Amino acid sequence: MVRKCNTLLLIFLWVSVFYSNAQDQNKIMLDGEWQFRKAGTKEWLPARVPGTVHQDLIRNKSIPDPYFGDNESKLQWIGEIGWEYKKTFEYREDNFQWRNIDLVFEGIDTYANVYLNDTLILVANNMFRKWYVNVKLLLHIGTNTLRIQFPAIESQIKTEYKNLPFKLPGDEKVVCRKAAYHFGWDWGPKLITSGIWKSVYLRHWNYVNVSDVNIIQKSLTDSLARMSVVYTLYATLADSANFRLFIDDIEILNNNVMLTKGVNVIRGDFTILNPELWWPNGMGNPKLYKFRYDVSFGARVVGIGKKKVGLRTVELVRQPDSVGTSFYFRINGKPVFVKGANYIPQEVLLPGLTDRHYYRLLDDVRKSNMNMLRVWGGGIYENDIFYDLCDEYGIMVWQDFMFACAMYPGTKSFFDNVRDEAAQNIVRLRRHPSIVMWCGNNEIDEGWKNWGWQKQYGYSQQDSAAVYKDYRTLFDFILPALLRQLDTLRPYIPSSPLHGWGRPESMKAGDSHYWGVWWGKEPFDIFNKKVGRFMSEYGFQGFPDQHTIDAFTKPEDRFTGSPVMKAHQKHPTGYETIDTYLLRDYKKPRDFSAYGYVSQLLQAEGIKTAIEAHRRNKPYCMGTLYWQLNDCWPVVSWSSQDYFGRNKALGYRIPELFQKVVALPTLENGRIKIYVNSDDTSMVQAVMTVKVIDFDGNVYNDEGFAIEIPANSSLVYYDTLQTHLLKNLNPNHTALLVTLDGGIHDFRTRNLLYFVAPKDLILPVPEIRKSLKSTEGGYVLTISCEKLVKNVWLSSQAPGTFSDNYFDLLPGEKREIFFSTSAENNLTEDSVTIKSLIDSY
């Protein structure tokens, strides 16, 4: 229920102008067909906007697929030369009736000189900014030509870097406000793109330009939300304007205000009675109120738009305690245990992304019981659809500003550029309830204090002081000041993590990036000891799906020492590290395909160990974000889902690991303990069963307990000596099976605890029974076996997705797996291959 408030406050304030989508009816789109050529050549080729040089070269068959084989290394010349784009378009005489005509670029990648009818109108130098210029005096009736010169980006940044007073960690790319991962990362290729990567259009307006409409939550209780709507607009003359605001087509504000010439900021206040709140996934409904607004100037509507707004409070709680300092989120007054992953851009060639990619990935995130994604600072400020879907699905967003693993220039021009970039993106994104925190950068403070940059770059004490002063100016002053001005409803931290992973304090305060596993080659068991207050990065690599490997290799390339497989492993010791860990826990796989399969099991077991440790240690630890959710190209990496959206073994296990209520059996100093962890906001009841089984199906212990599980808790419900429970049983042929049945609380979960490493298990040779039945949208595969089948591996040459995979099939268990595929594939039982761990040796 909404109650009107009739008072309006008129404020006059000079602000930067940010274009919104308020006047879409007055646009002439310039997307679509363009032409391009190498700088200095005569031949023009067809191009497409939005797009990149690489995509246009591919479409013209001028280069091979950069993602196939080792083609990446053969295409570095693209970033070493300049490019030129042009579009001719017709402009009608009646369009000149508009008093203002702006040319707007939603995104230019990155350095560009823009000419309209041979007049230079814009020099761009930031991929993350929107650019606009008034072009009415330069447009012609009839044919017009828009031409853009993209200088050789490698040469450009080298020149700018040489002019800095210091060499900076991160090298030449630090001068360039471009997605850092385009220059290569330890999971991504070096493909230095150029182009018009977002839409371009002509935008017409007369006397009033509505640049932003911001709906602000001033205060929130269970009974009342006090709200404001703030219109920012520019008027070319003083006159009366009408402002209307609706919720679900119910008018809640209708006011006339006298505008002055120049920038006007108009505020209207209203309230919502008994508001429905926005909740994270798993905690409640992520309610979104649907607002609609229009602004009229005289008899003409000059601004219209729609916004979805969620009402919630967010706090980042950092309170000193007996160990250190807490770090957790409180949403609507309730503490939240964060479960999620780190997100990178889904593409290197960004205009290739469609809405379908976002829907598919974020729907998977929701179904995997995640409640947060961290948008990492070496990528991009994501497209609106990413945040819209996070709003809708209740996925909280930790939003980095786009700075990572480097020190940045302290020049006035650089800071001014960043101010505009940050301000534009804060204004664009602040309406999203899913964004719960801004973070200044990724790992820069840690790098400065722990990675030896001062020695590496030969800094004197005076040099170091100057470089660090520039760092603090950007992350301790410029960005927080902008947030105080533009978005006060979210916390801000200057850097992640607070301390480096090699320092004891990293486990006691702030968020932690723990890389003792992988970088430090510590065993997976160290995850049980290295538990911090909020684990915002940790990870391990696994191969992508075999179909994905087949897509970028030829048969002769399919071994880890091949040039192609090396090109698709960007970590300098990646295969060596995987091999070291794999041989600790698994037998040597018999061939390349088996090696990829076992690497996925290894990755899943490592991350399972970490997540379970983090959840057991709640509330000391209040968050777990593994590195990383996704890939930007086909590669061997830390992702749980590969470039083509195919889940690795880890991706299939995440929904279980992130269930609201889980049983967590573990071995601690010769004792078997079973923790039950609940993220439910209410007390729940369940029946817990504890069984000891062998791999042939014999049951040696069968106990059941009715338990009460407090809200937001992690408690031990079972504790006994391993020797007491196993007695004379062979631990190499035995497992502990724990189940929880929530009954009316509608949850059922199970967990298995093995007592030895997988390589030491005495696995039976399974005789698997299977049947395949056609159903709507695909097939149902039914499998069973009288003996344990460790890590069932389902595959098919037909394109499709299995609803589950890489799971343990218990003796006597029957499992139904849905295979989503086209009915045109006409599959038989032989179309699905079933293997398991014993087949990998």
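Condition first: assigned to a helix (DSSP H, G or I), within 26 Å of the chain's Cα centre (by Cα) and either at positive phi or not polar (S, T, N, Q) (or both). Can you find one or more residues in region 568-575 that meet it?
Within region 568-575, the first condition is being assigned to a helix (DSSP H, G or I), and the residues that meet it are 574-575.
Among the residues that remain, those that are also within 26 Å of the chain's Cα centre (by Cα) are: 574-575.
Next cut, either at positive phi or not polar (S, T, N, Q) (or both) only: 574-575.
Scanning region 568-575, I find at least one residue that is assigned to a helix (DSSP H, G or I), within 26 Å of the chain's Cα centre (by Cα) and either at positive phi or not polar (S, T, N, Q) (or both), so the answer is yes.
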task = Assess whether Lys691 counts as being among the charged types (D, E, K, R), in a strand (DSSP E or B) and under 35 Å from the mean Cα position of the chain (by Cα).
result = no
ask   = What tally of residues in region 315-338 results from selecting those that are touching a Leu at 6+ places or on another chain (Cβ under 8 Å) and open to solvent by less than 20 Å² (accessible area, probe 1.4 Å)?
value = 3
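Tally up the residues in region 547-557 that are open to solvent by 20 Å² or more (accessible area, probe 1.4 Å) and either in contact with a Pro (Cβ under 7 Å, 6 or more places away or on another chain) or over 18 Å from Trp633 (Cβ atoms) (or both), please. Working first, answer last.
Within region 547-557, the subset open to solvent by 20 Å² or more (accessible area, probe 1.4 Å) is 547, 550-551, 554-557.
Then keep just the ones that are either in contact with a Pro (Cβ under 7 Å, 6 or more places away or on another chain) or over 18 Å from Trp633 (Cβ atoms) (or both); that gives 551, 555-556.
Number satisfying all stated conditions: 3.
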note = Thr488: passes all of (1) closer than 23 Å to Tyr328 by Cβ; (2) within 26 Å of the chain's Cα centre (by Cα); (3) touching a residue at least 60 places away in the same chain (Cβ under 8 Å) but (3)
query = For region 508-536, what are the residues that are free of Cβ contacts under 8 Å to residues at least 40 places away in the same chain and either touching a Pro at 6+ places or on another chain (Cβ under 6 Å) or not in a loop (DSSP other than H, G, I, E, B) (or both)?
reply = Ser512, Ile526
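With the structure loaded, tell me whether Lys618 is assigned to a loop (DSSP other than H, G, I, E, B), at pLDDT 95 or above, among the charged types (D, E, K, R) and more than 30 Å from Leu349 (Cβ to Cβ) or whether it fails that test.
Values: assigned to a loop (DSSP other than H, G, I, E, B): yes; at pLDDT 95 or above: yes; among the charged types (D, E, K, R): yes; more than 30 Å from Leu349 (Cβ to Cβ): yes.
The answer is yes for Lys618.
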request  = From (1) open to solvent by 40 Å² or more (accessible area, probe 1.4 Å); (2) in a helix (DSSP H, G or I); (3) closer than 28 Å to Met396 by Cα; (4) not charged (D, E, K, R), pick out the condition that doesn't hold for Leu479.
outcome  = (1)
task = With the condition kept exactly as written, say whether any residue in region 152-159 is of a type in the set (Asp, Glu), free of Cβ contacts under 8 Å to residues at least 60 places away in the same chain and over 17 Å from Val200 (Cβ atoms).
result = no
remark   = Conditions (1) over 35 Å from the mean Cα position of the chain (by Cα); (2) open to solvent by 20 Å² or more (accessible area, probe 1.4 Å) -> Gln797 fails only (1)
ask   = Which one is surrounded by the fewest Cβ atoms within 10 Å (Cβ to Cβ) among residues in region 713-731 that are of a type in the set (A, V, I, L, M) and not in a strand (DSSP E or B)?
value = Leu729
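Restricting to region 207-230, name every residue that is charged (D, E, K, R), farther than 14 Å from Val263 by Cβ and assigned to a strand (DSSP E or B).
As a first pass, look at region 207-230 and keep what is charged (D, E, K, R): 212, 218, 222, 226.
From the residues that got through so far, the ones that are farther than 14 Å from Val263 by Cβ too are 218, 222, 226.
Listed by number, the residues that qualify are Lys218, Arg226.
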inquiry  = Among the numbered criteria (1) within 30 Å of Asn134 (Cβ to Cβ); (2) among the hydrophobic types (A, V, I, L, M, F, W, C); (3) touching a Gly at 6+ places or on another chain (Cβ under 9 Å), which one does Leu277 miss?
reply    = (1)
key: region 637-659 - residue that is part of a helix (DSSP H, G or I) and not aliphatic (A, V, I, L, M) and, of those, least open to solvent (accessible area, probe 1.4 Å)   = Gly651
task = Could you run through region 93-117 and say how many residues are on the phi < 0 side of the Ramachandran plot, open to solvent by 30 Å² or more (accessible area, probe 1.4 Å), at pLDDT 95 or above and assigned to a loop (DSSP other than H, G, I, E, B)?
result = 1
ask   = Yes or no: Lys790 under 25 Å from Asn728 (Cα atoms), modelled with pLDDT of 95 or more and not hydrophobic (A, V, I, L, M, F, W, C)?
value = yes
Region 128-172, subset hydroxyl-bearing (Ser, Thr, Tyr) and over 25 Å from Lys412 (Cβ atoms), residue farthest from the chain's Cα centre (by Cα) = Thr143
message = I'd like to verify a number: residues in region 765-811 that are in contact (Cβ under 8 Å) with a residue 60 or more places away in the chain, among the hydroxyl-bearing types (Ser, Thr, Tyr) and not in a strand (DSSP E or B), how many?
response = 1
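Looking only at strands (runs of 3 or more DSSP E) that lie completely in region 358-474, which have at least 3 residues being polar (S, T, N, Q) and in contact with a helix residue (DSSP H, G or I) (Cβ under 6 Å, 6 or more places away or on another chain)?
Values: elements: 372-375, 396-400, 435-439.
Qualifying strands (runs of 3 or more DSSP E): none found.
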request  = Test each condition in (1) among the hydroxyl-bearing types (Ser, Thr, Tyr); (2) crowded, with 23+ Cβ neighbours inside 10 Å; (3) without any contact (Cβ under 8 Å) to a residue 60 or more places away in the chain for Tyr359 and report the one that comes out false.
outcome  = (2)
task = Output the number of the condition that Thr488 fails; it satisfies all remaining conditions of (1) touching a Leu at 6+ places or on another chain (Cβ under 7 Å); (2) among the β-branched types (Val, Ile, Thr); (3) modelled with pLDDT under 95.
result = (1)
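When the residues of region 29-64 are filtered to those that are basic (Lys, Arg) and not in a loop (DSSP other than H, G, I, E, B), which remaining residue is most open to solvent (accessible area, probe 1.4 Å)?
First pass over region 29-64, keeping only residues basic (Lys, Arg): 37-38, 42, 48, 59, 61.
Adding the requirement that they be not in a loop (DSSP other than H, G, I, E, B) leaves 37-38, 48, 59.
Details: Arg37: 50, Lys38: 89, Arg48: 113, Arg59: 96 Å².
Going through the qualifying residues, I end up with Arg48.
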Residue, farthest from Leu361 (Cα to Cα), within region 401-424, restricted to residues that are crowded, with 23+ Cβ neighbours inside 10 Å and within 18 Å of the chain's Cα centre (by Cα) = Phe403
Region 800-834 - residue that is closer than 21 Å to Gln641 by Cα and touching a helix residue (DSSP H, G or I) at 6+ places or on another chain (Cβ under 8 Å) and, of those, most open to solvent (accessible area, probe 1.4 Å) = Gly800
key: Any chance Lys608 is within 21 Å of Pro189 (Cβ to Cβ), open to solvent by 10 Å² or more (accessible area, probe 1.4 Å) and not in a loop (DSSP other than H, G, I, E, B)   = no
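Name every residue in region 482-492 that is in a loop (DSSP other than H, G, I, E, B) and either open to solvent by less than 30 Å² (accessible area, probe 1.4 Å) or charged (D, E, K, R) (or both), in order of residue number. Steps first, answer last, please.
Applying the first criterion (in a loop (DSSP other than H, G, I, E, B)) to region 482-492 yields 487-491.
Hits for region 482-492 are Asp487, Arg490, Pro491.
The values are calculated or read from the model by the stated rules, or taken from the named source; none is laboratory data. Being a predicted model, the structure only gives us computed values, none of them experimental. Quick reminder, even Gly has a Cβ in these numbers, built from the backbone with ideal geometry, and neighbours come from all protein chains shown. What goes into the accessible areas is simple: the full protein's heavy atoms, side chains included, and nothing from ligands, DNA or RNA. Shrake-Rupley method; radii C 1.70, N 1.55, O 1.52, S 1.80 Å.
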